Amino acid sequence: MDATTDCAVKMHHVTKTFGKVIANNNIDLDLRNGEILALLGENGSGKTTLMNMLSGIYFPDHGEIYIHGKPVTIRSPRDAFSLGIGMIHQHFKLVDVLTAAENIILGLGGKTTVNRKEVNQKVKELASRYGFEIDPAKKVYNMAVSEKQTVEILKVLYRGADILILDEPTAVLTPQETESLFAVLRNMKADGKSIIIITHKLHEVLAISDRVAILRKGEFIGAVNTAETNQAQLTEMMVGRPISLEIDRPKIERGPERLQVIGLTCVNNDGVKALDNVTFSAYGGEILGVAGIAGSGQKELCESIAGLYPTIGGSVLYEGEHDGQPIKERILGLKPDEIVKKGISMAFVPEDRLGMGLVAGMDMTDNVMLRTYKNTKGIFVDRKTPKKQAEELIDELEIVTPGVETPVGRLSGGNVQKVLLGREISLSPSVLIVAYPVRGLDINSSYRIYDLLNEQKQKGVAVIFIGEDLDVLMELSDRIMVLCGGKVSGIVDPREVTKEDIGLMMIHVDEENNTKEEVGA
């Protein structure tokens, strides 16, 4: 096949099934020599499955794979490495107690002893060649997220990879770190490397790729030159119909202060402060976005307010109504059951949907009951009411499920998130805390979640939205609080700052000005 000689990779009629589910159906995909190819598709479209076959994690049921024009058989990641293919996964696979250089050479054959000085020098030279900044002797547990990602990329380059697959590489990076990564990818392309990048961020696709390949429901829809397309066309190819890409930010008058957090401080399992003197307020009729690089205290913030994470200092004051009467309660240190018993109307949607939020083996009715069964008087549990609520959620949120009896663990990520968010907002909270509600969701599901958050805002709910996509945070939020290393580095109006301003705040705390906006709010 002469066409394969111009390609670093050619996947021809590749099919993969899991039982009755066809993950990839007769896919034809090619990656040209020295290009950056973006791979797009909704959740469940088969992107990861396809790349897992190229990297040796899965083996295709049918079809052929050609590498640099030659037919190959890839049965394991070792086979892929021997062919010069390396995949950088979204969740890093590093040993924390080892240095960068030790992680890079880990698993390689050779001498029984290691000359660390020689290895460190080789790693430095490799990093310098492509524009990476890294200390080979630095331990992984002391690294920022972007440094860990650098180690993962260098690990595959050190092994001689000339075909690289990056899965959601910018998900946890600041805008500045993303631009640095893109500069490195361009250097790698100039050096003849061929790169596939999987991402949901369309603006990044347009910024970094040469071509875009689109999958939909396991089928290959087509490939287009990046210079000849736009976000609207790419979205229509992914979804199969035109979709508006604008995120609404309805203007409504800010309501009363619902949550006042003062000096909130807590430590993690290593004894390090995960939150350090965090102070802010959340108001009814407002979406307060929370930005920060991964591990800046976002998880501890929402869990400590919800009564799920221990604290060592500070105060959280809730103001609202219960049975028509105003209430004002200090809730820090209270357990979730105690918060409910005090009549505090607060809902929390955690990032771990099937770990903390829902029970995967239970159906929708039982998962809805989890929030209300303790209110039952007598020895018999009321199942009719939660079943009706579950059926209403299916209709209102367009949840795709065979029925309320189907275990939620069998639903797609977007539908699981709709069940969780729908259950929480059905309780009519006055404070709603959501952590990464669209993580890993396709564009359709994501925009439905944004609509739900705006609906709550218009009902006068104080919404605290912890997100990782700065573009979304800036379009959706009325104010943005930026966390850096467990501290508040600023609270700003997203209409008055740039994405780059927030990116700098994510990596630097200005001790003098970090509460300026909040004092004047």
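Quick notes on this structure:
- Number of the exception - Gly289 against (1) modelled with pLDDT of 95 or more; (2) under 25 Å from Glu321 (Cβ atoms): (2)
- Checklist (1) over 22 Å from the mean Cα position of the chain (by Cα); (2) of a type in the set (Ser, Thr, Tyr); (3) in the same structural domain as Ser477 (by TED's automatic domain parsing) applied to Thr229, failing item: (3)
- Index of the failed condition, Ile221 passing every other in (1) touching a helix residue (DSSP H, G or I) at 6+ places or on another chain (Cβ under 6 Å); (2) aliphatic (A, V, I, L, M); (3) over 16 Å from Asp30 (Cα atoms); (4) without any contact (Cβ under 8 Å) to a residue 40 or more places away in the chain: (3)
- Considering the range 256-290, and only residues there that are farther than 14 Å from Tyr318 by Cα and not in a strand (DSSP E or B), the residue that is nearest to the chain's Cα centre (by Cα) turns out to be Asn268.
- Elements of type strands (runs of 3 or more DSSP E) in the range 293-398, at least 3 residues being at pLDDT 85 or above and either touching an Asp or Glu at 6+ places or on another chain (Cβ under 6 Å) or aliphatic (A, V, I, L, M) (or both): 313-322, 346-349
- Under the condition of being in a strand (DSSP E or B) and more than 23 Å from Met188 (Cα to Cα), the residues counted in the range 205-238 number 7.
- When we screen Ile67, Ile74 for residues that are out of contact with any Lys or Arg (no Cβ under 9 Å at 6 or more places or on another chain) and not acidic (Asp, Glu), the only hit is Ile74.
- Matching residues, the range 233-255, being β-branched (Val, Ile, Thr) and under 26 Å from the mean Cα position of the chain (by Cα): Thr235, Val239, Ile243, Ile247
The rows are residues; the columns are (1) over 23 Å from the mean Cα position of the chain (by Cα); (2) within 23 Å of Arg186 (Cβ to Cβ); (3) of a type in the set (A, V, I, L, M).
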{"site": "Ile36", "(1), (2), (3)": "no, yes, yes"}
{"site": "Glu42", "(1), (2), (3)": "no, no, no"}
{"site": "Ser45", "(1), (2), (3)": "no, no, no"}
{"site": "Met51", "(1), (2), (3)": "no, yes, yes"}
{"site": "Ile57", "(1), (2), (3)": "no, no, yes"}
{"site": "Asp61", "(1), (2), (3)": "yes, no, no"}
{"site": "Glu64", "(1), (2), (3)": "yes, no, no"}
{"site": "Gly69", "(1), (2), (3)": "yes, no, no"}
{"site": "Val72", "(1), (2), (3)": "yes, no, yes"}
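The values are calculated or read from the model by the stated rules, or taken from the named source; none is laboratory data. None of these values were measured; they are calculated from a predicted model. Backbone-built Cβ (ideal geometry, glycine too); neighbour counts: all protein chains shown.
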